[in-house]
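The values are calculated or read from the model by the stated rules, or taken from the named source; none is laboratory data. What you see is a predicted model; the values in this text were computed from it and never measured. Cβ placement follows ideal geometry from the backbone for every residue including glycine, while neighbour counts extend to all protein chains displayed. SASA here: full protein model, heavy atoms, side chains in, ligands and nucleic acids out. Shrake-Rupley method; radii C 1.70, N 1.55, O 1.52, S 1.80 Å.
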Amino acid sequence: MTTATSFTEQSKPEIAVCLEQVVCSFTTSGKTVRAVDQVDLEIAAGEFFSLLGPSGSGKTTCLRLIGGFERPASGVIKLFGADASRLPPFQRELNTVFQDYALFPHMSVLENVGYALMVRGVPKLERIKRATEMLESVKLAGFAARRPAQLSGGQRQRVALARALVNRPRILLLDEPLGALDLKLREEMQIELKALQRELGITFIYVTHDQGEALSMSDRVAVFNHGKIEQMDAPKVLYDAPRTEFVAKFVGSANVIPGVLIGRSGLFALRPENIRVLEGYHNGLSGELLDIHFLGAQTRLEIRVGNERIATLQSGVSHLERGAAVTLEWSEQHLRQLEVSA
Amino acid sequence: MTSASWGLRIAAFLCIFFLHFPLFIIVLYAFTTDDKTYAFPPPGLTLHWFTVAAGRADIWAALWLSVQTALLATAIALVLGTMVAAAMYKAKFWGKESITLLFILPIALPGIVTGIALLSTIRRVNLEPGVLTMVIGHATFCIVTVFNNVVARLRRLSQSQLEASADLGADSWQTFRFVVLPSISTALLAGGLLSFALSFDEVIVTTFTAGTDQTLPIWFLNELFRPRDRPITNVVALFVIAVTLIPILLVQRLTQAGEDLHGGGKTS
Amino acid sequence: MIRRASGVLHGRPWLGLLLLLIPPLLWMGIIYMGSLVNLLLYSFYALDDFTGQIKFEPTLATLQQLFTSSSNVDIVQRTFVMSLVVTIACALLAFPIAYFMAFHTKGNSKAFWILLVLLPLWSSYLVRVYAWKLLLAKEGIISWFFDTLGIRFVLDWILTLPIIGGFSLSSSYLGMFLVFVYVWLPYMILPIQASLERVPKSLLQASSDLGAKPNQTFWKVLLPLTVPGIAAGSIFTFSLTLGDYIIPGVIGAPGFFIGQMVYTQQGTAGNIPLAAAFSLVPIVIIGLYLALAKRWGAFDAL
C-alpha cells in the first residue's frame, strides 16, 4: 500500500482525483443534454468522498468519467496528478463496484475475484492464494466454488467488493453499491464499508442518492443537481449550513422560508428540529396545524403559515390537535440565509 | 388464462396434425415392401431397403459432399455473422437499417433469385461451379441465422459486465475472450447448428451453384422429378429428416422456448 | 500489442465498429449485391438470334419479351395469383393456432407447442414435398381415405372443376396449393403468435370491460395489433411461393411458374438474359411488398 501513508497533519494531502472544468454530454433523440456541466472537483488520497444527488443529476456520470467508462467532451481528469482523460478503464489504477455488481455469471466466486489478477498474467497459484485471502477478508471463505447465482444479494455485494479490491487499487469507485439491499443489511454494510475504508486507507468515491448514507459515511460530500455541484463540504457543514435551496431541501429536508414571511429579504433555511411550536397566537410566526405524524421518538407537525407549509419535529408526543392555532419559535443561529440561484 | 373454447382447441390440434401427418407418412413408407407405387396402405413392412440404401456409393458420396459444404458454409457464417452481431447489437449509426436489410435480403428474396444471381456472376467471372461456389452461396444466407442468434444473446449481456472486465484490467481482446465468448457460446452453437441444418437441406441455391456436383438434396431432387429408386428414396427421406431434426432438438435444448429460432431465417 | 490496439480503439467506438463491419459488408456487398447487380445487367442483354450466344450489348428486347409474349404474362399472373392465394390461406389457417398458443399455453407447454410448429419447419423441405407426392398420388392415402369412406365421387367431382381440377390431385393446381400451404404454414404461425404474445392481456379485458362484444374486440383491437405479425409472415409465404420451382415441377399441373421459367431458361435453353428478366419480377414485387410491410411494422415482428 503506497497511499495515504503521507497523510500527516503537516503536509498537504496528495490529490487522488482531480476534475477540471469537465463537461460530458449525451445526445438522445436529437437533443444534447449536458450530464456533467463544467465540474471542478478535488478528492484527496485516503478520503471517503460521496457524490450525492437525485437520479439524473450527473453524479453517476461523474463517477463513470473517473472510471473511464465515459469520455469528457472537454476538461481534464487527473489521477494522482497525471492526465487520465483519454485513458481506457483497463489502464487506470482504480476499480469499481457496480450498482448491479456485474459479476460474471459463468465464473465461480473465486474466478470472479481472481479475474483482475488473471488478465494481468499473475501465475495461477498466486492468483488463487490472493483471491482466497480476499474472500476471507469479506467473510466469504466457504463460497469460493459457488456461482454468483447461488449467492444472496448481500453475498454478491461482498464478492463485487472483493473482486474490485483484489488488485489493491488506490481508488475504489462505488456506484450505489447498497441500493439493491434491504434496509437492515444496508445499515450493516454501511458500517462495514466505512471500517474497511479506514483499514485500507484508500480513496473511496461513493455515489448515492440516499442523503443519510452520504452523511453518515463520508469525509466530504458533493451535492449534484442538473450536472453541476451545488455544494461540496463535510457532512456537518452541509447539514448545518446549506448554501442553496436545493441543498437545504435535499439534505435533511429543511424548510425553505421566503424572507417576506419574517420581514426580511432573500430565502432562508430552517431545520424542522430547530423549530419550537407554541399553542395559540403569540408574537412571531403563527399558523394553523395541518397534520400530525407520530414517528415514535419524535412527532412531525405540519403547519400552514400563509401559503407556505412548514414542517417541524418535536420530541415525544404532541398534545396539540389538528386545526389548532400555533406559533413558531426558533433561535436566530439556526436560520440560514440561502444563495438565490440564477 | 381462461380455458380455450372447444372450437379453438380443435382448430389448433388439427393444424398440428396437418403439419405432422406427412412426416409420419415418410416414416411409414421407409418400411414399405412396395417398390413400384405409392400405394396406401403399404402391402407389407420390411427393413430391407435400409441395407440396400446403405450400400449405395452415390448416396454416401452425396452425403459427404453435403456435410463438407455445410461445415464450411457454417464456419464462414459463424465468423461473419458474429462480427455483424457484435457491431450492430448496441451501436446506433446511420445506415444501420440498410445493413440489416442487406443481411435479411437473401432470405427475404426467393432462393431462386439468389441462385440465378450467383450463377450469372459465376458465369461472368468464369468460375468453375463446384464446392467453392456452393459454400459461398450457402454462407451468404447462413450469416443471418448466426446473426439472429448471437445478436439476441448479446442484447441480454449486461453492459456493466463488459465495463467491469475493462475496469479490472482486461483489454478488449481479453474481455471478448473471457466474458463475451463464454456468454454467447450457446448462441454460437445454436446458430452454427441451425446454419448446418439450413445448408445441409438447401436445394435451390445449390442447383444453381453446384455445377455437376451432387449433394444429397440434389440427389433427392432428381429422384423427386424422375423417380428411379422409390424405396431407397423413402429411406433417404427418413434419414434426411432425422439428420436435420437432431440439430433442431439440440438447439431447442440450448435456448429457452426456442426463442432464438424465431424468424431464424430458414428459407428454401 | 493487443493492449495498445485496444487502447487505440477505446474512445473511438466507430473504429471498432468499422473493423467489425468491413469483412461481412465486403462479403455481402461484393458477392451478394454484386451478383444482384450483375443479374440486373444480364436482363438488359439478349440472345443473338443466329448464334444463340449472349450478346453483351444493352437492349430492352429481353425485358420486352416479358410483357409482350402472352405466355410469359400468363406465367407471371399464374405465379402471382398462387402466391396471393397461398398467403391468404396460410394467414387464415395460422391465426387460430397462433391465438391458441399465445393465449392458452404458457411455460413448458408453450415451449412444446412452439417446438411442434418448428419441427416441420426445420425438417427437410424436399422431404416434405416428397411426403405430399406420396399423399396426393392416385393410389395414395388421400384417395384411399375417400374410397374407404365411400365418397370417392366427391374427390372425382372436385377434380372435374375448372382451373383447380386435373387428372389427379398430384397433377392439379389444388394439389399444388395444398403443398404450398403445408410447406410455408409454419412461417406464418410463428410471427403471428409472436405478435399476439405482445398484445397485453389487459387490453383485451379493457375492451370487453368497455362493453365490446368478442367479435368487436377481435376486429377493432386484436387484429390491428397483429398486422405486423401477419405482414412478417406473409413476406415469407409470398416470397417463397413466388420463387419456388420445385413444387410446381413435382406436382405436375400444366402451366409454368416463374421459378420454373428461370430454371429452364438458364439451364436447358441457356438463355440467362431471359432467366434474369424473369427473376426481376419477384424482386420488384417483393421490393414493393417489403416497402408496404415496413409501413405495417413487419420488421419489428421478424
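How many residues does the stretch C:7-40 contain that are within 8 Å of another protein chain (Cβ to nearest Cβ) and surrounded by 16 or more Cβ atoms within 10 Å (Cβ to Cβ)? Outline the logic, then answer.
Applying the first criterion (within 8 Å of another protein chain (Cβ to nearest Cβ)) to the stretch C:7-40 yields C:7, C:9-11, C:13-14, C:16-17, C:20-21, C:23-25, C:27-29, C:31-36, C:38-39.
Now restrict to residues that are surrounded by 16 or more Cβ atoms within 10 Å (Cβ to Cβ): C:7, C:9-10, C:16-17, C:20-21, C:24-25, C:27-28, C:31-32, C:34-36, C:38-39.
Qualifying residue count for the region: 18.
Keeping to the stretch B:112-129, report how many residues are open to solvent by 10 Å² or more (accessible area, probe 1.4 Å) and under 15 Å from B:ILE218 (Cβ atoms).
1
Return the only residue of A:GLN190, A:GLN155 being more than 26 Å from A:VAL221 (Cβ to Cβ) and in a helix (DSSP H, G or I). Break it down into steps so the answer makes sense when it comes.
Details: A:GLN190 fails: more than 26 Å from A:VAL221 (Cβ to Cβ).
That would be A:GLN155, the only listed residue that is more than 26 Å from A:VAL221 (Cβ to Cβ) and in a helix (DSSP H, G or I).
For B:LEU72, indicate whether it is open to solvent by 50 Å² or more (accessible area, probe 1.4 Å) and more than 7 Å from every other protein chain (Cβ to nearest Cβ). Steps first, answer last, please.
Working: open to solvent by 50 Å² or more (accessible area, probe 1.4 Å): yes; more than 7 Å from every other protein chain (Cβ to nearest Cβ): yes.
Yes; evaluated as a whole, the condition is true for this residue.
Within the stretch A:135-153, can one find any residue that is under 24 Å from A:HIS209 (Cβ atoms) and assigned by TED's automatic domain parsing to the domain that holds A:PHE204?
Looking only at the stretch A:135-153, we keep the residues that are under 24 Å from A:HIS209 (Cβ atoms), and these are A:152-153.
When the remaining residues are screened for being assigned by TED's automatic domain parsing to the domain that holds A:PHE204, the result is A:152-153.
The answer is yes; a qualifying residue exists.
Does C:LEU225 satisfy being open to solvent by 20 Å² or more (accessible area, probe 1.4 Å) and touching a Ser or Thr at 6+ places or on another chain (Cβ under 6 Å)? Working first, answer last.
On the way: open to solvent by 20 Å² or more (accessible area, probe 1.4 Å): yes; touching a Ser or Thr at 6+ places or on another chain (Cβ under 6 Å): no.
Answer is no for this residue.
Please go through the stretch C:94-115 and give me each residue that is assigned to a helix (DSSP H, G or I) and either in contact (Cβ under 8 Å) with a residue 60 or more places away in the chain or of a type in the set (D, E, K, R) (or both), ordered by number. Quick ask: steps written out before the conclusion?
Narrowing the stretch C:94-115 to residues assigned to a helix (DSSP H, G or I): C:94-104, C:107-115.
Selection gives C:ALA94, C:PHE95, C:ILE97, C:ALA98, C:TYR99, C:MET101, C:ALA102, C:PHE103, C:LYS110, C:ILE114.
Quick one: which residue in B:THR233, B:THR209 is more than 9 Å from chain C (Cβ to nearest Cβ) and either over 14 Å from B:LEU65 (Cβ atoms) or in contact with a Pro (Cβ under 7 Å, 6 or more places away or on another chain) (or both)?
Values: B:THR233 fails: more than 9 Å from chain C (Cβ to nearest Cβ).
Checking each option against the conditions leaves just B:THR209.
Name the single residue, out of those in the stretch C:223-252 being without any contact (Cβ under 8 Å) to a residue 60 or more places away in the chain and hydrophobic (A, V, I, L, M, F, W, C), that is farthest from the other protein chains (Cβ to nearest Cβ).
Looking at the filtered set, the residue picked out is C:LEU225.
I need the full set of residues from the stretch B:19-39 which are within 7 Å of chain C (Cβ to nearest Cβ) and open to solvent by 40 Å² or more (accessible area, probe 1.4 Å), in order please.
The initial filter retains those residues of the stretch B:19-39 that are within 7 Å of chain C (Cβ to nearest Cβ), namely B:19-20, B:22-23, B:25-26, B:29, B:37-39.
Passing the criteria: B:HIS20, B:THR37.
Just to confirm my filter: which strands (runs of 3 or more DSSP E) fall fully inside the stretch A:287-342 and include at least 2 residues that are charged (D, E, K, R) and open to solvent by less than 100 Å² (accessible area, probe 1.4 Å)?
Numbers: elements: A:298-305, A:308-315, A:325-329, A:336-338.
In the stretch A:287-342, A:298-305 are the strands (runs of 3 or more DSSP E) which contain 2 or more residues that are charged (D, E, K, R) and open to solvent by less than 100 Å² (accessible area, probe 1.4 Å).
In this structure, is B:LEU102 in contact (Cβ under 8 Å) with a residue 40 or more places away in the chain, within 7 Å of another protein chain (Cβ to nearest Cβ) and out of contact with any strand residue (DSSP E or B) (no Cβ under 7 Å at 6 or more places or on another chain)? Spell out the reasoning first.
Numbers: in contact (Cβ under 8 Å) with a residue 40 or more places away in the chain: no; within 7 Å of another protein chain (Cβ to nearest Cβ): yes; out of contact with any strand residue (DSSP E or B) (no Cβ under 7 Å at 6 or more places or on another chain): yes.
So B:LEU102 fails the test.
Mind checking whether some residue in the stretch C:141-152 is assigned to a helix (DSSP H, G or I), at pLDDT below 90, more than 7 Å from every other protein chain (Cβ to nearest Cβ) and open to solvent by less than 20 Å² (accessible area, probe 1.4 Å)?
So in the stretch C:141-152, the residues assigned to a helix (DSSP H, G or I) come out as C:141-149, C:152.
From the residues that got through so far, the ones that are at pLDDT below 90 too are C:141-149, C:152.
Narrowing the set further to residues that are more than 7 Å from every other protein chain (Cβ to nearest Cβ) leaves C:142-143, C:145-149, C:152.
In the following step, the residues that additionally are open to solvent by less than 20 Å² (accessible area, probe 1.4 Å) were identified as C:143.
Scanning the stretch C:141-152 turns up at least one residue that is assigned to a helix (DSSP H, G or I), at pLDDT below 90, more than 7 Å from every other protein chain (Cβ to nearest Cβ) and open to solvent by less than 20 Å² (accessible area, probe 1.4 Å).
Of the conditions (1) outside any helix (DSSP H, G or I); (2) touching a Gly at 6+ places or on another chain (Cβ under 8 Å), B:GLY81 satisfies every one except a single condition; which number is it?
That leaves (1) as the condition not met.
Tell me which of these A:LYS59 doesn't satisfy, since it passes every other one: (1) within 14 Å of chain C (Cβ to nearest Cβ); (2) touching a residue at least 40 places away in the same chain (Cβ under 8 Å); (3) open to solvent by less than 20 Å² (accessible area, probe 1.4 Å).
(1)
Which one is farthest from A:ILE43 (Cα to Cα), of the residues in the stretch A:88-102 that are open to solvent by less than 20 Å² (accessible area, probe 1.4 Å) and more than 14 Å from chain C (Cβ to nearest Cβ)?
Restricting attention to the stretch A:88-102, the residues satisfying the condition of being open to solvent by less than 20 Å² (accessible area, probe 1.4 Å) are A:88-90, A:92, A:94-98, A:101-102.
Those still in the list that are more than 14 Å from chain C (Cβ to nearest Cβ) too: A:94-98, A:101-102.
On the way: A:LEU94: 14, A:ASN95: 16, A:THR96: 16, A:VAL97: 18, A:PHE98: 20, A:TYR101: 24, A:ALA102: 26 Å.
Applying the filter and picking the extreme gives A:ALA102.
Tell me whether the stretch C:268-282 contains one or more residues that are open to solvent by 10 Å² or more (accessible area, probe 1.4 Å), under 19 Å from B:THR206 (Cβ atoms) and not aromatic (Phe, Trp, Tyr).
Looking for residues that are open to solvent by 10 Å² or more (accessible area, probe 1.4 Å), under 19 Å from B:THR206 (Cβ atoms) and not aromatic (Phe, Trp, Tyr), one finds at least one in the stretch C:268-282, hence yes.
Can you find a residue that is without any contact (Cβ under 8 Å) to a residue 24 or more places away in the chain and part of a strand (DSSP E or B) anywhere in the stretch A:64-83?
Yes, the stretch A:64-83 contains a residue that is without any contact (Cβ under 8 Å) to a residue 24 or more places away in the chain and part of a strand (DSSP E or B).
So, in the stretch A:125-148, of the ones that are of a type in the set (Gly, Ala, Ser) and open to solvent by 60 Å² or more (accessible area, probe 1.4 Å), which residue ends up nearest to the chain's Cα centre (by Cα)? Walk me through how you get there before you give the answer.
The first filter runs over the stretch A:125-148 and keeps only residues of a type in the set (Gly, Ala, Ser), leaving A:131, A:137, A:141-142, A:144-145.
Okay, now just the ones that are also open to solvent by 60 Å² or more (accessible area, probe 1.4 Å), so A:137, A:142, A:145.
Values: A:SER137: 24, A:GLY142: 32, A:ALA145: 33 Å.
Among them, the one singled out is A:SER137.
Would you say C:MET28 is within 29 Å of B:SER98 (Cα to Cα) and touching a helix residue (DSSP H, G or I) at 6+ places or on another chain (Cβ under 6 Å)?
Numbers: within 29 Å of B:SER98 (Cα to Cα): yes; touching a helix residue (DSSP H, G or I) at 6+ places or on another chain (Cβ under 6 Å): yes.
The answer is yes for C:MET28.
Has the stretch C:61-72 got any residue that is among the small types (Gly, Ala, Ser), more than 7 Å from every other protein chain (Cβ to nearest Cβ) and not in a helix (DSSP H, G or I)? I'd like the intermediate steps shown before the answer.
The first filter runs over the stretch C:61-72 and keeps only residues among the small types (Gly, Ala, Ser), leaving C:61, C:69-71.
Narrowing further to those that are more than 7 Å from every other protein chain (Cβ to nearest Cβ): C:61, C:69-71.
Retained after the next criterion (residues that are not in a helix (DSSP H, G or I)): C:69.
Within the stretch C:61-72 (the criterion being among the small types (Gly, Ala, Ser), more than 7 Å from every other protein chain (Cβ to nearest Cβ) and not in a helix (DSSP H, G or I)), the answer is yes, since at least one residue qualifies.
Please enumerate the residues belonging to the stretch A:157-188 that are over 21 Å from the mean Cα position of the chain (by Cα) and among the basic types (Lys, Arg).
A:ARG163, A:ARG168 - these are the residues of the stretch A:157-188 that are over 21 Å from the mean Cα position of the chain (by Cα) and among the basic types (Lys, Arg).
Going residue by residue through the stretch C:20-43, is there one that turns out to be part of a loop (DSSP other than H, G, I, E, B), within 18 Å of C:ALA276 (Cβ to Cβ) and in contact with a Leu (Cβ under 7 Å, 6 or more places away or on another chain)?
If we filter the stretch C:20-43 for residues that are part of a loop (DSSP other than H, G, I, E, B), which is where we start, we get C:43.
Then drop every residue that is not within 18 Å of C:ALA276 (Cβ to Cβ), which leaves C:43.
With the extra rule that they be in contact with a Leu (Cβ under 7 Å, 6 or more places away or on another chain), the set shrinks to C:43.
Yes: the stretch C:20-43 contains one or more residues that are part of a loop (DSSP other than H, G, I, E, B), within 18 Å of C:ALA276 (Cβ to Cβ) and in contact with a Leu (Cβ under 7 Å, 6 or more places away or on another chain).
Looking at the stretch C:159-197 only, could you name the residues that are modelled with pLDDT under 85 and open to solvent by 40 Å² or more (accessible area, probe 1.4 Å)?
Matches in the stretch C:159-197: C:THR160, C:LEU161, C:PRO162, C:ILE163, C:ILE164, C:PHE167.
Being in contact (Cβ under 8 Å) with a residue 60 or more places away in the chain and surrounded by fewer than 18 Cβ atoms within 10 Å (Cβ to Cβ), is that true of even one residue in the stretch C:83-91?
Yes, the stretch C:83-91 contains a residue that is in contact (Cβ under 8 Å) with a residue 60 or more places away in the chain and surrounded by fewer than 18 Cβ atoms within 10 Å (Cβ to Cβ).
From the list B:GLY55, B:GLY95, which residue is free of Cβ contacts under 8 Å to residues at least 60 places away in the same chain and farther than 30 Å from B:SER185 by Cα? Walk me through how you get there before you give the answer.
On the way: B:GLY95 fails: farther than 30 Å from B:SER185 by Cα.
Selected residue: B:GLY55, the only one of B:GLY55, B:GLY95 that is free of Cβ contacts under 8 Å to residues at least 60 places away in the same chain and farther than 30 Å from B:SER185 by Cα.
Would you say C:GLY255 is without any contact (Cβ under 8 Å) to a residue 60 or more places away in the chain and of a type outside the set (A, V, I, L, M, F, W, C)? First the steps, then the outcome.
Details: without any contact (Cβ under 8 Å) to a residue 60 or more places away in the chain: no; of a type outside the set (A, V, I, L, M, F, W, C): yes.
Spelling it out, it is not the case that C:GLY255 is without any contact (Cβ under 8 Å) to a residue 60 or more places away in the chain and of a type outside the set (A, V, I, L, M, F, W, C).
Given (1) at the interface with another protein chain (Cβ under 7 Å from one of its Cβ atoms); (2) farther than 15 Å from B:ARG9 by Cβ, where does C:HIS104 come up short, assuming only one miss?
(2)
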